[in-house]
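Shown next, in structure tokens, is the structure this report addresses.
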């Protein structure tokens, strides 16, 4: 009798020894809707400060050309395309942020709070286009011209 | 009763301790700290690139070592459905030959380019064995960029083997044939009417074009089977050595009839001498139709047919070559890191013969020749050249042999040699210096062909890892029906004793493998192709350039792809039109290819890297509306990357 009991106990241990309750992963829905003043966000990347002078039309013209080859596949000026409409961008974002988004796209997509929030709206990540800092400055000038 | 209880407890105890672990231990491999030695943490990188030939698959695989991870398959001599190589218009011409488009071959011996006797990480060469060809792979892109056909040869097996500074890439004939080709009785082989050739190819490292290889000359040699080669280093810099078998010149039942002679030959070729003879006009123009194909990045591959080569005959260039008698039907011929010794893998021999380069030079100077010469090539006296003979076969009990069926030898940085032993399923470690001494025998599972040490054929071997490339797998892995992947075993050779640390399946049939420290390649590996450097005639470098160009019944569609759409979105053609889609990937971001496929066309997939343009061609046979779509999952909206072509 005792042996039978012992057998049962051991078999119970044996059959339960590998069972482990799966943990439930609960999504943290917390967070703040409040955003810091976006114009104070300079973004992440090599562009630390941009000094803006009066509008340089020649520079803006070069920027427009680059925009039309490198950006227009996904961005329109006045309407939403794959990405957001760019009109008003210089009013919504700091010049450093705009340039960092162009030259350091991948890190911005991963880390910048504004971009992370936008991905939920657009469901697509902006792609890096191998644009130099110099060329990004030209594109910024083009945006300034549009917003003028 | 008590005994029963104890037994029951023991059984249950054993069950309990086993119940949470799966499978059995792997015997010798887990008996040590092997797992730690091959464990590369997720996200971390291997230390070594190991390039393995694909054999009958015609391509090349790249593994990371010590983990054994498969990093890439590089298509070379065969079309490759995974990325469209050889199907797409850009690379199709690479597979052109004087016999037409040959989209399949048998690739054997990957060899890394060399500078001062060490692998420099620029290029990798590999032979096509069946229809003689040599390919050059660029190691900044891991892509085949150039293929040159070898005329006047067959069975391009002793190939490609390089001199110390890649002055030449050599190829030699395994299956001697009439040269030039003509229809004569096969039995004429035994009458000495068949020939082999030693082909010297130069590689122009300075030109920006991918057209770098050129056949400088060929040396016409007697019709034996030239099997493997290696070139000298240091003191033997000016020479290359080619093993041969079937010096009997048998053409039937070679297995019996080509194994009669106790000794066959190693052919020693003084390439500096040959070069001088060629410069002095001793080589004559000779029939040699061959294709030369290359692919400059950003455009379409070119194939050119050339009709002649320069042929040098040994009688017109005395002292260019000598035969060294070598037992017996040798396979490998390997020059040690000092360049002083030439080791032969005498496949059917009871010894591993080691020749001395210094003695060879003296024997040549003193004309220590056998009476008989072959095709104006003197035969040196064996005893005048041999340095040592390492006895490896116990003829009374072959199971006690140190190395039965020695095939191929590589070296470490401590004066040791490692010989693969096909029949006895092992690798023999031995020391090569003033004398030859056996050191250790380790198993290889099963029927090992080549052995490969990192830098093991170079002046300065890296010395830590060794790989066995085995021909028979059987019980090593989970069964997968009658066809099993080939097996490779990895050994740590850094200590006094060799330790097996990993066993992993490989792709196709890796005959040989050539390895290099990862640091020599990883930093210069390209991440994208710059759109600005794309010079493809039908590239659309922005969506503005996308569109349809009609030339009569030919319709070129310049299509752009970027996450996550194509332009133009819709295409209309007429029934019977020849339609060519040129897909340009506008991405400039690392590892964002787009794929492309059109319903009902014979080429179901293109894989286009960032900045590249690739093209497929088909005839619009049926009227209707057919989808095309991106075949490479590229973003959350990948499924939406789809449009239609209408055939009206």
Self-check item: Hits in the range B:606-626 (condition: within 18 Å of residue B:93 (Cα to Cα) and surrounded by fewer than 18 Cβ atoms within 10 Å (Cβ to Cβ))
Solution: B:618
Quiz item: Within the range A:107-135, restricting attention to residues that are within 14 Å of chain B (Cβ to nearest Cβ) and under 17 Å from residue A:38 (Cβ atoms), which residue is modelled with the lowest pLDDT?
Solution: A:120
Practice problem: Mind counting the residues in the range B:599-648 that are away from chain A (no Cβ under 14 Å), assigned to a loop (DSSP other than H, G, I, E, B) and either closer than 14 Å to residue B:581 by Cβ or without any contact (Cβ under 8 Å) to a residue 24 or more places away in the chain (or both)? | Solution: 9
Practice problem: Take the range B:519-534 and flag every residue that is within 14 Å of chain A (Cβ to nearest Cβ) and assigned to a helix (DSSP H, G or I). | Solution: B:531, B:532, B:533
Practice problem: Go through the range B:535-551 residue by residue and tally those that are crowded, with 19+ Cβ neighbours inside 10 Å and more than 10 Å from every other protein chain (Cβ to nearest Cβ). | Solution: 4
Practice problem: Find the strands (runs of 3 or more DSSP E) located wholly in the range B:436-518 whose residues include 3 or more that are under 19 Å from residue B:108 (Cα atoms), and list them. | Solution: B:448-453, B:465-470, B:486-492, B:513-517
Quiz prompt | Check on residue B:423, within 25 Å of residue B:158 (Cα to Cα) and assigned to a strand (DSSP E or B) | solution = no
Practice problem: Could you please let me know if residue B:410 is more than 25 Å from residue B:119 (Cα to Cα) and either assigned to a loop (DSSP other than H, G, I, E, B) or touching a residue at least 60 places away in the same chain (Cβ under 8 Å) (or both)? | Solution: no
Exercise. Could you check residue B:220 against (1) in contact (Cβ under 8 Å) with a residue 24 or more places away in the chain; (2) assigned to a loop (DSSP other than H, G, I, E, B) and say which number it fails?
Key: (2)
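The values are calculated or read from the model by the stated rules, or taken from the named source; none is laboratory data. Source: prediction; values computed, not measured. Cβ: placed from backbone, ideal geometry, glycine included. Neighbour counts: every protein chain shown.
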